[in-house]
Structures are given as C-alpha cells and as structure tokens.
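As structure tokens, the structure follows; a few thoughts come after it.
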Amino acid sequence: MSVELLAMLGGGVSGFVMKLIAAQVQNQATMFERMLQKQELADASADRAKERGGTWMRRFITVSTVFAIIIAPFIFAFTDVGVSIQSESNGFLGLFRTVRWENVQGFVVLPEVRQTALAIVGFYFGSSQVK
C-alpha cells in the first residue's frame, strides 16, 4: 500500500470516529436538555398541586384517622358505650362458618390501629427528614 492510500484510509477512519463521538455527545446533550425540561414540568406540577391545598387535606385525614382509631375508643372506654367485635368460627370441617358479634367494655386495640398509626408516623417523620 502506498503512503497516500494509508493517509487517506487513516483520515477517513479518524473522521468517522470523531463524527461518531460528536454525535454521541450531541445525543447526550439533547437527552440532558429533555431531562431538565421534564424536571421543570414536574416541579411546576408539584407547585400547582401544593397551591390546591393538599397539605390541609392530608392533615385533616390524619387528624380524623387518629380521632377515629385512638381518641374515640379511648373516650368510649370510660362510658357505657360498648365496642362490638366480630368473632368467626369455622364450624364442621370449615364448611359452616358462623359469625358472632360480641360487645366488649373498655379500650380495644385492633391491628388496624397499629398499622395506621405506623403509617402516619412514618409518613410525617419520613417527610420531615427530606426537608
């Protein structure tokens, strides 16, 4: 091979490699710009949602839940109002199920109380760690 042919071949390969690198850099820049635009749209949407009063609604739901699962049963524990509890028995070979309701006096802690309280505490402490 002649020197001129090697120089032309080397120039063509190096030009191809440089063009490929430039195209990849351009693609990355375009992707980064689109990612920034997407983030700006998400931030604008979050700001609009914040202005709609979602914070107060979440607080109202939390206070209502805490009242319904903790405060109200605690108040009922000191009154003559009973708490109804469902009990279920399987019967013969699990075919004939019977459901009974029993009235209980006092403060009843259900598994739902614990799960809801854990969810509320986790949400508020988790969101306070982000700020």
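Things to note:
- Residue within the stretch 43-59 that is polar (S, T, N, Q) and closer than 30 Å to Glu112 by Cβ present: yes
- Residue that is modelled with the lowest pLDDT, among those in the stretch 98-125 that are under 15 Å from Ile70 (Cα atoms) and among the charged types (D, E, K, R): Arg114
- Among the residues here, Phe74 qualifies as on the phi < 0 side of the Ramachandran plot, assigned to a helix (DSSP H, G or I) and aromatic (Phe, Trp, Tyr).
- Scan the stretch 83-97 for residues that are among the hydrophobic types (A, V, I, L, M, F, W, C) and under 25 Å from Ala72 (Cβ atoms) and the total you get is 2.
- Complete set of residues in the stretch 4-51 that are surrounded by 10 or more Cβ atoms within 10 Å (Cβ to Cβ) and modelled with pLDDT under 80: Leu6, Ala49, Lys50
The values are calculated or read from the model by the stated rules, or taken from the named source; none is laboratory data. Computed from a prediction, not measured in an experiment: that's the story for all the values here. A quick note on method: Cβ atoms are made from the backbone with ideal geometry, for glycine too, and the neighbour counts reach across all protein chains shown.
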